[in-house]
Amino acid sequence: MNFEFTEEQLMIQQTAREFAESEIAPTAVERDKIAEFPYEIVKKLGELGFMGMMVSPQYDGAGLDTVSYVLAMIEISKVDASVGVIMSVNNSLVCYGLEKWGSDYIKETYLKPLAKGEKLGAFALSEPEAGSDATKQHTTAYKEGDSWVINGMKNWITNGLNADYHLVVTQSDKDKGHHGITTFLVEKGTPGFGHGVKEDKLGIRSSDTCSLTFENCKVPEKNIVWEVGKGFNFAMNTLNGGRIGIAAQACGIAEGALDASKKYAKVRKAFGTEIANLQAIQFKLADMAVKVEAAKLLTLEAAALKDAGKKYVKEAAMAKLYASKVAVECALESIQIHGGYGYVREYLVERFLRDAKITEIYEGTSEIQRVVIARELLKD
Ligand code: CAA
């Protein structure tokens, strides 16, 4: 077993760290406060190759591995988890699936600008009555000539307002259950395609989330991703990789909380000494560090398995389950270490807690991760 990163992986990590500190950190607090989308930052991430990290150069991507993606996601999310989720959705829920299952037309037309960060993607699976129970799709699609007509509603869609291309999961043949589900790539501005208001969220406030509406929205047949009836398999397989991205985001939040706590403990004085010298604080820092390390190892293991072309469904779910729990726990502990200062906006650490909670919910709740893990375990 090799725990050494390659030169290239270390360079990506360093680039992400420097970018996060110089370009993301200065505006993170204000964007969180006013819930403003980081347009300029996303543009620059695209120029760095961070919006299509795992896409091959043939389709204008950076051609990197999943381990590099995890390292970059951790660095970005340490500073701003909102930017982390925008990047994660584009990389793992949109670009990855399009490269693996998209037609040549889709890859040439849509994947290339997505991989360069010139266009932004969204993944629209969830509905008001189909969240965890994702096979129960109410959004329908029927064929009309060379097109398909979509009707229905999606909700909780990350990048929903700002995305140019949306992967929309629909029920195209009710009688076939989840084998009658088809995914379409729908362009922003297509007649009949609208969206609801931006959700006013607890955390990741600088990313946008909204519902999408489809009223007789006509999409060309060539915009089907994979094939008719494969839409659910597409969504599930895509989410396996997405969960590695969210696990990395959670690791970043947890490590950000640990770093802030270490820094504060070294300057804050109580009982005649810096609180870093008190065992009560040292034990908290030690426990946080163990959890962060374990979460990172699980996440990197899932990424390495994916890169090696091995099965990673269970490991990705384990990584997301554990890392998201650790993110919430470390954020809470960080507030405790900061005392009253941890409870006010000025000291930043309360944002870690607000941002951490969603990692236990999106791309499959912690309960769903347990379902996935248990089913995989019982296959043996
Ligand atoms: N990987 C690959 N395939 C999978 C899979 C996985 N992890 N889980 C299920 N499948 C496949 C099954 O093999 C089966 O396919 P076949 O019939 O072709 O063999 C099909 O999916 C149906 O599976 P089940 O019979 O097990 O279906 P189920 O209803 O009992 O359970 C579920 C399915 C695992 C609970 C699934 O509905 C699920 O994962 N739900 C959570 C959905 C989710 O993660 N939503 C997140 C929304 S996206 C988001 O948050 C994006 C964002 O904006 C940030």
Across 5 Å bins beginning at 0, the whole-percent shares of Cα-Cα pair distances in region 7-120 come to 2, 13, 24, 24, 18, 11, 6, 2, 0
Of 183-193, 327-337, ordering from highest average Cβ density within 10 Å down gives 327-337, 183-193
Here region 233-243 yields Karplus 3J(HN,Hα) values (6.51, -1.76, 1.60; θ = phi - 60°; whole Hz; Gly and Pro given as x) of 4, 4, 4, 5, 5, 5, 5, 4, x, x, 5
Relative to the chain, whose Cα atoms define the longest principal axis, helix 25-34 and its Cα axis are tilted in degrees, nearest 10, by 70
Taking alpha-carbon centroids only, region 321-380 lies from region 231-291 a number of Å equal to 9
With Cα springs under 10 Å, the Gaussian network model of the chain assigns the largest mean-square fluctuation among T213, T170, T299 to T213
Here, chymotrypsin sites (Phe, Trp or Tyr not before Pro) of region 241-290 satisfying both criteria (DSSP loop; at most 14 other Cβ within 10 Å) are F271
Rounded to the nearest 10, the angle in degrees between the Cα long axis of helix 313-338 and the longest principal axis of the Cα atoms of the chain comes to 40
Quick numbers on region 233-377, Rg and Dmax over C-alpha atoms in Å, give 16.9, 61
A correct Karplus calculation of ³J(HN,Hα) over region 215-231, with 6.51 cos²θ - 1.76 cosθ + 1.60, θ = phi - 60°, whole Hz and x for Gly and Pro, returns 10, 6, 7, 8, 10, x, 4, 5, 8, 6, 9, 6, 8, 4, x, 9, x
Contact order relative to length for the chain, counting C-alpha pairs under 8 Å separated by 6 or more residues, stands in percent at 16
If every Lys and Arg gets +1 and every Asp and Glu gets -1 at its Cβ, then about the Cα centre region 122-231 yields a dipole, in debye to the nearest 20, of 140
Over its alpha-carbon atoms, region 207-287 yields an Rg and a Dmax in Å of 23.9, 72
Under the 7 Å Cα-to-Cβ spin-label approximation, R345 and A25 lie apart by a distance in nanometres of 2.1
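Find, to one decimal place in angstroms, the Kirkwood hydrodynamic radius of the chain, where the mean of 1/r is taken over every pair of different Cα atoms and then inverted. Working shown, then result.
Numbers: mean 1/r = 0.0475 Å⁻¹.
21.0 Å is the Kirkwood radius here.
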If each part is reduced to its alpha-carbon centroid, region 140-163 and region 1-74 end up apart, in Å, by 29
Measuring from the longest principal axis of the C-alpha atoms of the chain, the long axis of helix 7-19 (C-alpha) lies at a number of degrees, nearest 10, equal to 80
In whole Hz, the Karplus estimates of ³J(HN,Hα) for region 277-288 (6.51, -1.76, 1.60; θ = phi - 60°; x where Gly or Pro) are 8, 8, 4, 4, 7, 4, 5, 5, 4, 5, 5, 4
From DSSP H assignment alone, runs of 4+ in the chain each adding -39500 (n - 2.57), the sum over residues rounded to the nearest 500 puts [θ] at 222 nm at -15500 deg cm²/dmol
By the mean-Cβ-within-10 Å protection proxy, highest first, 113-126, 25-38, 92-105 rank as 113-126, 92-105, 25-38
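Read the figures in this text as sums done on the coordinates, not as results from a lab. Being a predicted model, the structure only gives us computed values, none of them experimental. Don't worry about glycine lacking a Cβ; one is built from the backbone with ideal geometry, like all the others, and counts go over all protein chains shown.
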